Amino acid sequence: MLKITRAANGEVVFTLCGRMDAENVGEMKTLFGSEAKGRRIVLDLKDLTLVDREAVRFLDSCEIDSIKIRNCPAYIREWITRERAGDCNEVASKRFWMTTLKEMLWQQQRNGAT
């Protein structure tokens, strides 16, 4: 489940919390479309825990459209970079996900989450 919080102070900041998947992409596009033209939009991903491929592609398109992404988790940033480079073949993708899952588990343990 994805929780979206909006704050505005010169720029509009959407803070995303939880899991983002393909179903949330349409909702995000609607939110962006409701903002005034020319208003700067920022996505804060500090509490985003899990994404799917469609969400990553959406985040990549946001950056291309000059939407700033803040506090992007390392595994999401790496995935965006790989998508952009077209480096998402099946073998590389499996290796990437194994490393990503290990990193996420380690971080959860470090943060005391179960």
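Taking first residues from segment 28-43 that are charged (D, E, K, R) and partners that are in a helix (DSSP H, G or I) and surrounded by 15 or more Cβ atoms within 10 Å (Cβ to Cβ), the Cβ contacts under 9 Å between residues at least 6 apart in sequence or on separate chains come to LYS29/PHE58. Specify the residue that is farthest from MET28 (Cα to Cα); the eligible residues are those in segment 47-73 that are modelled with pLDDT of 95 or more and of a type in the set (Lys, Arg). Per the stated criteria, the residue is ARG70. Every condition in (1) at pLDDT 85 or above; (2) farther than 21 Å from LEU2 by Cα; (3) in a helix (DSSP H, G or I) is met by THR99 except one, and the failing one is (1).
Screening segment 28-47 for residues that are among the acidic types (Asp, Glu) and in a strand (DSSP E or B) and picking the one that is nearest to GLN107 (Cα to Cα) gives ASP47. If you go through segment 1-21 and keep only what is of a type in the set (A, V, I, L, M), within 21 Å of MET104 (Cα to Cα) and surrounded by 13 or more Cβ atoms within 10 Å (Cβ to Cβ), you end up with LEU2, LEU16, MET20. Search segment 1-27 for residues being among the hydrophobic types (A, V, I, L, M, F, W, C) and not in a strand (DSSP E or B), and hand back the single one that is nearest to CYS62 (Cα to Cα). The selected residue is VAL25. Among the residues of segment 76-96, is any at pLDDT 90 or above, within 22 Å of THR5 (Cβ to Cβ), not in a helix (DSSP H, G or I) and not small (Gly, Ala, Ser)? Looking for residues that are at pLDDT 90 or above, within 22 Å of THR5 (Cβ to Cβ), not in a helix (DSSP H, G or I) and not small (Gly, Ala, Ser), one finds none in segment 76-96, hence no.
The values are calculated or read from the model by the stated rules, or taken from the named source; none is laboratory data. Note that this is a predicted model, so its numbers are computed, not measured. A quick note on method: Cβ atoms are made from the backbone with ideal geometry, for glycine too, and the neighbour counts reach across all protein chains shown.
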